[in-house]
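Note sheet for the following structure.
The values are calculated or read from the model by the stated rules, or taken from the named source; none is laboratory data. Quick caveat: nothing in here was measured; it's all calculated off a predicted structure. Glycine gets a Cβ as well: all are built from the backbone with ideal geometry, and neighbour counts include every protein chain shown. Surface areas here come from the heavy atoms of the whole protein model, side chains and all, with no ligands, DNA or RNA. Shrake-Rupley method; radii C 1.70, N 1.55, O 1.52, S 1.80 Å.
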Amino acid sequence: MTNHWIDLRNADVILVMGANPASNHPISMKWMMKARERGAKLICVDPRFTQTATVADLYAPLRSGTDIAFLGGMINYLLDNDLIFKEYVVKYTDAPFLVNADFKMPGELDGEFSGYNKQTSKYDRKTWSYQLDEKGLPKRDPALQDPNCVFQLLKKHYSRYSIDKVSQITGTPKDKCEAVYKAIGSTHKPDRVATACYAMGWTQHTVGVQNIRACTIIQLLLGNMGMAGGGVNALRGEGNVQGSTDHGLLFHILTGYLPTPMASLPSLKDYIGKFTPATKEPQSVNWWSNRGKYITSYLKALYGDHATKENDFGYSWLPKVDDGMQASWLPLFVKMYQGAFEGFFAWGMNPACSSTGAGKVREGLGKLKWMVNVNLYDNETASFWRGPGMKPKEIQTEVFLLPCSSSVEKEGSISNSSRLAQWRYKAIEPLGHCMPDAEIMNELYFRVKTLYQKEKGAFADPILNLTWDYGEKDEKGKVKHLDIHKIAMEINGYYFEDLYDKKADPPKLIGRKGDLVTNFVSLQDDGSTSSGNWLYCGSYTQKEGKAVNMMARRGKEDPTGLGLYPNWAWTWPVNRRIIYNRASVDPNGNPWDPKRPLIKWNQANPETGQPAGWTGDVPDGPAPPLANEKEGKLPFIMKPLGVGTFFGSGLGDGPFPEHYEPMESPLPENPMSKKHRVNPAIPVAKLQAVAKDPSFLFSADFKRFPYVATTYRVSEHWQTGVMTRHLPWLLEMQPQMFVEMDRDLAAKKGITNGEKVVVTSARGRLDCAAIVTDRFRPFTVMGTTVHLVGMPWCFGWQYPADGSGGDSVNLLIPFMADPNTLIPESKAFLVNVGKLSEQPSDQPTKKKRR
């Protein structure tokens with residue numbers, strides 16, 4: 001989240017799209033309702049009339065997979081009606097920047113941007129660039145009139161998204177479109193603000209990244225970024241998802257969002273040169289220019305005294321990915337299915353149910369030699385070999401199930417959607433032989449290290465040189481029990497030498513050797529500091545010689561009255577509650593909205609001796625505001641040019657979001673362009689050529705599968721249900737797999753409420769209970785009727801033990817993904833629905849539990 005949970009109460013308008021917080025994020029809903037008590041308007045845009053829709057002031061239905069069309073129409077409406085915060089747009093965004101005159105857009109090239117290569121399905125982004133002046137800075141037109149300026153290009157691109165066209169594509173009634181657009185547009189004034197909240201309903205599409213980009217464009221046009229009550233806010237689906245990505249869970253990043261090294265970058269100098277952006281803009285902070293300090297301090301945290309200047313701080317010991325290599329979820333399981341792996345750790349996950357194309361995933365697990373599943377319960381992954389359709393005698397995979405502790409049985413931190421790191425104490429001891437994850441890792445590390453010491457295996461240095469000083473060691477050098485506080489301290493970082501501010505006269509001591517680093521401003525690139533994650537510097541710090549766990553704080557003071565609560569736990573970065581908060585003030589440092597003063601610049605007071613500085617939230621850097629020509633800085637400190645960008649030249653599928661149909665769509669062509677029905681950056685032909693079963697990827701057979709399906713959570717179950725299906729009171733409330741459908745579709749198919757039905761796709765079939773409901777209504781799309789059905793993804797065959805719960809909806813979902821992130825398209829795919837009594841049964845009988 002750019003903002004935080006409590007800040008939702010400060011909004012005047014709340015747009016919930018691609019999420020159902022009333023059911024799945026109840027804490028966020030608490031603060032949305034607080035906003036409504038103040039007079040705020042809650043808007044819900046969703047294919048289904050959800051629990052959130054029931055309390056919304058305005059609900060607008062839309063066909064799943066058409067969010068960009070809807071948001072593109074909103075952008076067009078704002079621009080046509082001059083509902084923008086012009087001073088903010090001119091001074092704090094790239095709207096005035098002039099773009100390469102050779103750049104062309106989908107309206108000119110029938111669905112593609114300039115530079116498209118049909119053979120590779122990739123773009124040459126040479127024309128996606130700014131025109132530069134003699135100083136190497138983008139040329140500008142502050143009047144926003146030049147036809148090549150970003151603003152005019154934006155206006156031209158979205159002029160195609162009329163309300164009529166949007167309604168035809170999305171199925172959203174025109175009056176509903178206009179009502180939503182008008183309400184959001186009312187926040188273009190400095191004293192009104194809107195926030196946008198989304199979840200997987202936006203991300204799990206083949207245009208997922210561009211969905212969020214479209215929302216960002218809207219918020220920049222309205223001047224809502226950096227404001228209290230504003231921003232673009234991801235509602236994370238689990239209490240520590242934010243923390244997991246912060247700490248490098250994904251293949252392409254290390255901790256703190258440092259890029260994973262590539263094989264073509266053999267030295268630390270090469271790495272820093274590749275990934276450190278340069279800028280010629282004198283008023284840009286360009287915070288990523290500190291990349292060298294962060295990666296060097298990270299290496300010191302990993303390897304301690306073994307990391308020296310002479311050995312490149314151990315950079316060669318880090319694993320490298322091949323250039324262009326995709327090691328994310330879908331490619332990983334494709335490789336597994338092809339027999340490329342011997343072993344697999346399924347740690348705290350259940351891919352046999354949670355992955356799209358779950359049938360192929362289960363087959364892939366059967367091609368391993370061994371698998372370790374670390375979990376609270378047996379699940380569909382650990383027991384895949386005895387699941388429906390599997391032949392245990394033909395499966396050689398050896399499965400190890402390691403029981404781990406639940407969250408209440410261990411101490412440590414979680415980082416939620418608000419970027420808030422909160423320390424949790426251990427409530428009870430682990431049951432039986434269960435162990436906390438960190439203890440399991442400790443056991444594994446010591447055994448692996450011992451093997452390397454004895455057998456001198458290949459490339460031992462990364463293991464043997466790793467620091468592991470997390471507690472008292474036994475006579476063999478193994479840590480007996482991990483001290484989780486020591487891990488948190490290493491994440492924060494230490495001074496490896498006395499560090500001085502040499503700009504001061506005389507030099508001023510910043511930190512002593514062995515002390516905890518104060519914050520990431522102190523990090524160095526010479527090996528004198530360490531930090532396991534630069535973003536968390538300051539989370540466990542030192543005051544008056546004593547270590548202080550900032551994440552364990554529980555102060556309830558709220559000096560601003562905006563719900564920042566600066567002494568409650570700790571938020572990255574540097575306890576800043578709202579990021580890009582310098583955009584909440586005008587160039588002189590005065591709040592755009594005096595009613596909600598997030599930060600304010602105060603001039604020096606000679607009479608009191610008070611120096612000039614900021615008050616309020618921790619500002620995005622201490623520099624003076626923009627009007628200070630000598631020292632003032634632009635607000636978007638992570639961007640090389642210091643401004644928010646409408647023109648997203650770094651993405652793989654276009655600098656502006658464009659509507660493309662989902663891979664599986666009820667429409668034979670894209671209403672916005674005839675040439676490209678789906679996102680052209682997806683290498684469809686290449687994928688089909690290598691796939692043994694192309695329908696596993698996707699099928700556009702609308703005659704066989706005439707209905708659009710989407711997926712969602714339910715309040716009663718958690719993720720794939722491993723934790724909740726074992727609780728009888730929750731299972732009683734939601735006992736089995738179901739499919740929701742509108743009354744017209746049910747009547748057409750002769751299906752009654754509660755009846756057993758079969759849902760089929762090109763990947764397989766799923767038995768469900770039918771829920772006939774008004775929550776879904778038929779859509780009129782391009783003059784035809786489109787029915788949409790919905791299914792939860794929280795069931796699996798393994799429990800309940802009698803199989804009555806059904807199986808996973810992911811058995812039906814195609815194996816296609818967004819070209820930027822490779823997140824699967826789970827929210828829009830094609831199915832058919834029929835009465836179970838009329839379907840041949842091709843499902844093997846479930847094997848009894850042993």
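Values computed for the structure shown
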| quantity | calculated |
| --- | --- |
| Filter result (open to solvent by less than 40 Å² (accessible area, probe 1.4 Å) and not hydrophobic (A, V, I, L, M, F, W, C)) within region 478-489 | LYS478 |
| Residue in region 362-383 that is over 30 Å from THR260 (Cα atoms), surrounded by fewer than 15 Cβ atoms within 10 Å (Cβ to Cβ) and either of a type in the set (D, E, K, R) or touching a Leu at 6+ places or on another chain (Cβ under 8 Å) (or both) present | no |
| SER826 vs. criteria polar (S, T, N, Q), assigned to a loop (DSSP other than H, G, I, E, B) and either closer than 18 Å to ASP701 by Cβ or at pLDDT 95 or above (or both) | yes |
| Subset tally (residues that are part of a strand (DSSP E or B) and touching a residue at least 40 places away in the same chain (Cβ under 8 Å)) for region 233-288 | 3 |
| Residue among ASP617, ASP593 that alone is surrounded by 14 or more Cβ atoms within 10 Å (Cβ to Cβ), among the acidic types (Asp, Glu), in contact with a strand residue (DSSP E or B) (Cβ under 8 Å, 6 or more places away or on another chain) and in contact (Cβ under 8 Å) with a residue 12 or more places away in the chain | ASP617 |
| LYS449 under 21 Å from LEU299 (Cα atoms), in the same structural domain as SER413 (by TED's automatic domain parsing) and either open to solvent by less than 70 Å² (accessible area, probe 1.4 Å) or out of contact with any His (no Cβ under 9 Å at 6 or more places or on another chain) (or both) | yes |
| Inter-residue pairs, beta-carbon under 9 Å, first at positive phi and in region 329-341, second not in a helix (DSSP H, G or I), 6+ apart | GLY339/LYS367; GLY339/LEU368 |
| Elements of type strands (runs of 3 or more DSSP E) in region 680-784, at least 3 residues being open to solvent by less than 30 Å² (accessible area, probe 1.4 Å) | 707-712, 738-741, 756-760, 765-772 |
| Subset of region 296-324 (residues that are free of Cβ contacts under 8 Å to residues at least 40 places away in the same chain and within 29 Å of the chain's Cα centre (by Cα)) | LEU299, GLY324 |
| Breaking point among (1) among the hydroxyl-bearing types (Ser, Thr, Tyr); (2) in contact with a strand residue (DSSP E or B) (Cβ under 6 Å, 6 or more places away or on another chain); (3) outside the structural domain of VAL16 (by TED's automatic domain parsing), for THR245 | (2) |
| Some residue of region 257-268 being open to solvent by 30 Å² or more (accessible area, probe 1.4 Å), out of contact with any helix residue (DSSP H, G or I) (no Cβ under 9 Å at 6 or more places or on another chain) and closer than 26 Å to TYR198 by Cβ | no |
| Qualifying positions in region 580-590 - surrounded by fewer than 23 Cβ atoms within 10 Å (Cβ to Cβ) and farther than 16 Å from GLN283 by Cα | ASN590 |
| Lone unmet requirement of (1) open to solvent by less than 10 Å² (accessible area, probe 1.4 Å); (2) not assigned by TED's automatic domain parsing to the domain that holds GLY432 for CYS353 | (2) |
| Those residues of region 93-135 which are touching a strand residue (DSSP E or B) at 6+ places or on another chain (Cβ under 7 Å) and in a helix (DSSP H, G or I), in sequence order | PRO106 |
| Residues (out of contact with any Pro (no Cβ under 7 Å at 6 or more places or on another chain), part of a helix (DSSP H, G or I) and open to solvent by less than 40 Å² (accessible area, probe 1.4 Å)) located in region 73-92 | GLY73, MET74, ILE75, ASN76, TYR77, LEU78, LEU79, TYR88, VAL89 |
| Meets criteria (open to solvent by 60 Å² or more (accessible area, probe 1.4 Å), of a type in the set (S, T, N, Q) and touching a strand residue (DSSP E or B) at 6+ places or on another chain (Cβ under 8 Å)) for SER413 | no |
| Residue satisfying condition, being under 26 Å from LEU330 (Cβ atoms), over 30 Å from the mean Cα position of the chain (by Cα) and either part of a loop (DSSP other than H, G, I, E, B) or not acidic (Asp, Glu) (or both), within set VAL361, VAL399, VAL448 | VAL399 |
| Which listed residue is open to solvent by 40 Å² or more (accessible area, probe 1.4 Å) and under 30 Å from GLY783 (Cβ atoms), from ARG160, ARG125 | ARG160 |
| Residues (buried (at least 24 other Cβ atoms within 10 Å of the Cβ) and of a type in the set (S, T, N, Q)) located in region 801-827 | SER808, ASN810, SER826 |
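Here is a yes/no grid of residues against (1) closer than 16 Å to SER297 by Cα; (2) surrounded by fewer than 20 Cβ atoms within 10 Å (Cβ to Cβ); (3) of a type in the set (Ser, Thr, Tyr); (4) at pLDDT below 95:
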| residue | (1), (2), (3), (4) |
| --- | --- |
| LYS502 | no, yes, no, yes |
| ASP505 | no, yes, no, yes |
| LEU509 | no, yes, no, yes |
| SER522 | yes, no, yes, no |
| ASP525 | yes, yes, no, no |
